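Below is one structure, written out as structure tokens; the observations come after it.
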Amino acid sequence: MSKIALVTGGMGGIGTAICKTLSNSGYQVITTYLGNEEKAKNWLYQTSNEGFSFKAFKCDVADFDSCGEAVTQIKTEIGNISILVNNAGITRDATLRKMTKESWSEVLRTNLDSLFNMTKHVLDEMLEQSWGRIINISSINGQKGQFGQSNYSAAKAGVHGFTMAVAQETAKKGVTVNTVAPGYIATNMVMAVPEDVRNKIISGIPVGRLGRAEEIAALVDFLASEHASFITGSEIAINGGQHMM
Ligand code: CAA
Ligand code: NAP
């Protein structure tokens, strides 16, 4: 039986590419959606027309109980999750002077608390079956900081702290935990940045373009594979040379 991969926020730009790539690699791919049933139905319909058979469960990654309910439902209806891709995320950009407490908390809960909320519910089974992959999607802006993103940069920097700690706790049991830190990728999240600001950002990318969601998906697919068994606690940048560490 093929391994089960759960991709949170799998209906977004990067998430869709991850779902398709993992499915092409033979995993049974499940995703989550926040609550828009209509949008979820359309995505499932569209991807099934392309030959994919994804399953989707309603889940707010910012809410611990909601994650627990979704994972329980997945375990009951489908089986144990072997690969977890913590991909769901949001931005609420503003300079710190203008940032509201609500924007701060929303971003921290969705981008960082979500890792605890999801991983807690899948980790026991991964450890019991002595195999698992946890892949956390961070950002270049968690590595270098970004004007207007104190909330997002803090959350994404926290993602890798989580990765490194859990990687140490799980390494002996065949479970790897890694961070993928994409640069600017052509999805709605980046298209929401004002055009003049966006063009300035693109001009600072040595490769000379935005990244493609499929390029992130290919890295996730590799980290999920047997070839990546010796990679754990790593943060892999994929940013067109925009930030070199
Ligand atoms: N560095 C230095 N100064 C900057 C700056 C920068 N990067 N960007 C703007 N400024 C300056 C402006 O020149 C302006 O200066 P003056 O007041 O002297 O004219 C001032 O800051 C504007 O400040 P405001 O508070 O008025 O800014 P604003 O309300 O107009 O907009 C902002 C601020 C919302 C942060 C806007 O600049 C913005 O959207 N920036 C893009 C942030 C970004 O990169 N987001 C990434 C989203 S995608 C993503 O997050 C995915 C991922 O992981 C890569
Ligand atoms: P996107 O197209 O906006 O997709 C984001 C996804 O997250 C959506 O599917 C959304 O679900 C989901 N989501 C948001 N809040 C959620 C919540 N509370 N519970 C469950 N799902 C939630 O963004 P993207 O560009 O694909 O980004 C995916 C990940 O990559 C994010 O973590 C982002 O921070 C990171 N990243 C992106 C870039 C980039 O340049 N695009 C760069 C670096 C890192 P709904 O559609 O159901 O709301």
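Among the trypsin sites (Lys or Arg not before Pro) in segment 119-213, those located in a DSSP loop and surrounded by at most 11 other Cβ atoms within 10 Å of their own Cβ are Arg209.
For segment 176-193, 3J(HN,Hα) computed residue by residue from phi via the Karplus equation (6.51, -1.76, 1.60; θ = phi - 60°) reads 9, 9, 9, 10, 10, 10, x, x, 7, 10, 6, 10, 4, 4, 7, 5, 6, 6 Hz, glycine and proline entered as x. Here r is the Cβ-Cβ distance between Met1 and Arg97 and R0 is 35 Å; the resulting FRET efficiency, rounded to 0.05, is 0.05. Full extension of the chain segment joining Ile236 with Glu215 gains 6.3 nm, where the gain is 0.36 nm per residue of separation less the Cα-Cα distance. Each residue of segment 97-112 was assigned a 3J(HN,Hα) from its phi angle through the Karplus curve 6.51 cos²θ - 1.76 cosθ + 1.60 (θ = phi - 60°); the sequence is 4, 9, 6, 8, 4, 5, 5, 4, 5, 4, 5, 5, 5, 7, 8, 10 Hz, with glycine and proline shown as x.
At a probe radius of 1.4 angstrom, the accessible area of the chain per residue rounds to 49 square angstrom. Restriction of the chymotrypsin sites (Phe, Trp or Tyr not before Pro) in segment 138-245 to DSSP coil positions whose beta-carbon has at most 15 other beta-carbons within 10 angstrom yields Phe147, Phe230. Computed in the context of the full set of protein chains, the accessible area of the chain at 1.4 Å probe radius has 52% of its extent on carbon or sulfur.
Dipole check for segment 4-238: with +1 at the C-beta of Lys and Arg, -1 at the C-beta of Asp and Glu, and the Cα centre as origin, the magnitude is about 580 Debye. Taking amide H atoms as placed 1.01 Å from N in the peptide plane, the amide H of Thr32 lies under 5 Å from those of Val7, Gly9, Gly10, Met11, Phe57, each 5 or more residues away in sequence or on another chain.
Amide H contacts of Ile134 (H built 1.01 Å from N, in plane; Pro and chain starts excluded): Leu84, Thr176, Val177, Asn178 sit under 5 Å, all sequence-distant by 5 or more or on other chains. Taking Glu50, Glu235, Glu169 and ordering them by how much accessible surface each has at a 1.4 Å probe, largest first, produces Glu169, Glu50, Glu235. The lysines within cross-link reach of Lys39, meaning a Cα-to-Cα straight distance under 17 Å and a gap of 8 or more places when in the same chain, are Lys55, Lys58. Here the 3J(HN,Hα) profile of segment 15-25, calculated from phi with Karplus coefficients 6.51, -1.76 and 1.60 at θ = phi - 60°, is x, 4, 5, 5, 4, 5, 5, 5, 5, 4, 8 Hz, Gly and Pro shown as x. When the chain is described by a simple charge dipole with +1 on each Lys and Arg Cβ and -1 on each Asp and Glu Cβ, the residue from Val159, Ile238, Ala88 located farthest towards its positive end is Ile238. For Glu235, the residues whose amide H sits under 5 Å from its own are Thr179, ignoring neighbours fewer than 5 places away on the same chain, with H placed 1.01 Å from N. If you take all other residues with their beta carbon under 12 Å from the beta carbon of Ala70, and give Lys and Arg +1 and Asp and Glu -1, the sum is -2.
The values are calculated or read from the model by the stated rules, or taken from the named source; none is laboratory data. Just so we're clear, the structure is a prediction, and the values are computed from it rather than from any experiment. Cβ atoms come from the backbone with ideal geometry, glycine included; neighbour counts cover every protein chain shown. Protein only, heavy atoms only, side chains kept; ligands, DNA and RNA dropped before computing areas. Shrake-Rupley method; radii C 1.70, N 1.55, O 1.52, S 1.80 Å.
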